[in-house]
Amino acid sequence: MTTLAIDIGGTKIAAAVCDANDSIIQRWRVPTPMDADAINQHIADIYHQAVASGHDDIEAIGISAAGNVGADRKTITIAANIPAWINYDLSEHVGALIDHAVPVIVENDANCAGWGEYVHGAGQGSRNMVALTVGTGLGGAIVIDGHLYRGSFGMAAELGHLPMVPDGDTCGCGLRGCAERYTSGSALEHFAKSAVRRRPQDAKRLLELCGGDVNKLEGPMVSQAAQEGDVLGLYAFGKIGEWLGRTMAAVSAVLDPDLFVIGGGVVAVGDILLDPARYNYARFLEGSAYRGHAKIVAATAGQDAGLIGAANLALH
């Protein structure tokens, strides 16, 4: 028994055949087109290639997609990157191209990555877990009593859009003051650039890394500087760590999880991000001195978390 897992990213479609234990047997990788029909065809082609390669025991296709996925686990209600994905039945479109040979299950990408961490990563053993993915934005996944929580309309765990700052910075979703405007790779760059402009006397290393043009300063440069002990690099991580802690405290007021798993590219710096996050989580947690605190740990399932989660969710 195998599953075909598909992870549709902004630049690439990653795919893998996974066995009954969600271990990856075979991989594919193709560029992501911006045309919905072309994406559907890529997925169908990969399925046919997998079957031709001897994987004729595929039981389901699990698709991890960046967008809001309806409770039917078929329809993408809206997505930022693919204009056609508005109330779009991705399951039906892909299914038609493979003659509905197997079920096609669609899940939000953050849910897939979070579930991958829960079943095979840092979330193992937790009862109530919240995963936060600190990337370009801030993604979330919620596990309650061992089950992925999707909400009534499939829209649960959009934690990056918690309204944290009244009349704050405008978010890509159209609202203002969302958590991801202050905790994300984009926020890291914003805090670092602002610090360079305010404190040029302390900005020697960051300016070296960006060739003297602050507008070209990118997240990996800030990460490198912070790991070298650069004061402004550490400041920028301290700021997104503060807002990450505030966000986790707000989530805890509602869900009271026992574990937060932090993933995404930004968390590669480890405790440079997690220490200020832990401090500010405790600082802003309601009744902090009189209640249990959730553990806050880095994700461990790696870049395959989304594929693993998609495979597992498609079967279960």
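For this structure, a couple of remarks:
- Selection of trypsin sites (Lys or Arg not before Pro), the range 258-310, meeting DSSP coil and at most 15 other Cβ within 10 Å: Arg291
- Share of Cα-Cα pairs in the range 202-316 lying beyond 25 Å, as whole percent: 37 percent
- At R0 = 30 Å, FRET efficiency that the Cβ-Cβ distance of Met155 and Leu315 yields, to 0.05: 0.80
- About the Cα centre, charge dipole magnitude for the chain (Lys/Arg +1, Asp/Glu -1 at Cβ), debye: 1240 debye
- Carbon and sulfur %, accessible surface of the chain computed with the full protein complex present, 1.4 Å: 51 percent
- Counting charges near Ala156 (Lys, Arg +1; Asp, Glu -1) among other residues having Cβ under 15 Å from its Cβ returns a value of -3.
- Top of Ala156, Ala253, Ala113 by mean-square fluctuation, Gaussian network on the chain, Cα under 10 Å: Ala253
- Helix-derived mean residue ellipticity, 222 nm - over the chain, DSSP H n ≥ 4, -39500 (n - 2.57), to 500: -11500 deg cm²/dmol
- Whole-Å distance, taken between Cα centres, linking the range 1-52 and the range 168-231: 34 Å
- Entry comment: accessible area of the chain is 44 Å² per residue, from protein heavy atoms only and a probe of 1.4 Å.
- Projected label distance in nm at Lys204 and Asp35, using a 7 Å step from Cα toward the beta-carbon: 5.4 nm
- Extension gain, Arg127 back to Met1 (0.36 nm per residue minus Cα-Cα distance, nm): 42.6 nm
- The range 156-245: trypsin sites (Lys or Arg not before Pro) in DSSP loop, at most 16 other beta carbons within 10 Å: none
- Sparsely packed loop sites in the range 209-316 (the GluC sites (Glu not before Pro) outside DSSP H, G, I, E and B with at most 16 other Cβ atoms within 10 Å) comprise Glu218, Glu228, Glu286.
- Kyte-Doolittle mean at least -0.5, axial Cα span of 30 Å or more - DSSP H helices of the chain: 231-255
- Note on Ser53 and Ala80: the model spin-label points, each 7 Å out from Cα along the C-beta direction, lie 3.1 nm apart.
The values are calculated or read from the model by the stated rules, or taken from the named source; none is laboratory data. Quick caveat, the model's predicted, so the values are computed rather than measured. Every residue, glycine as well, gets a Cβ built from its backbone with ideal geometry; the counts of neighbours run over all protein chains shown. All accessible areas refer to the heavy atoms of the entire protein, side chains included, with ligands and DNA or RNA removed. Shrake-Rupley method; radii C 1.70, N 1.55, O 1.52, S 1.80 Å.
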